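These notes concern the structure reproduced below.
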Amino acid sequence: LVKQEDYRCQKCLQKGHFTYQCPGKRKYVERDSRTRLMNKRLKMDEEKAKLDIL
């Protein structure tokens with residue numbers, strides 16, 4: 001069994017309580033959209049292809 005102190009709340013991202021016991025609000029975690037991630041990957045692949053040609 002895992003101690004309650006080791007659990008991380010999925011709502012506020014703090015340790016020590018379960019999500020259903022959370023006294024706080026959900027934190028907003030900003031992350032790139034899938035389109036932005038795909039475009040970054042495509043750009044990296046294109047640059048790599050250019051270097052391979054040289």
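The figures follow:
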{"read-out": "Single unsatisfied condition, Q10 versus (1) in a loop (DSSP other than H, G, I, E, B); (2) polar (S, T, N, Q); (3) over 15 Å from the mean Cα position of the chain (by Cα)", "value": "(3)"}
{"read-out": "Some residue of segment 32-39 being within 23 Å of the chain's Cα centre (by Cα) and part of a loop (DSSP other than H, G, I, E, B)", "value": "yes"}
{"read-out": "Hits in segment 14-24 (condition: exposed (fewer than 12 other Cβ atoms within 10 Å of the Cβ), in a loop (DSSP other than H, G, I, E, B) and at pLDDT 85 or above)", "value": "P23"}
{"read-out": "Matching option when the condition is surrounded by 10 or more Cβ atoms within 10 Å (Cβ to Cβ) and in contact with a strand residue (DSSP E or B) (Cβ under 6 Å, 6 or more places away or on another chain), among R41, R36, R8", "value": "R8"}
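The values are calculated or read from the model by the stated rules, or taken from the named source; none is laboratory data. Here the structure is a predicted model, which means the values were calculated and not measured. FYI the Cβ positions are ideal-geometry reconstructions off the backbone, even for glycines, and counts take in every protein chain you see.
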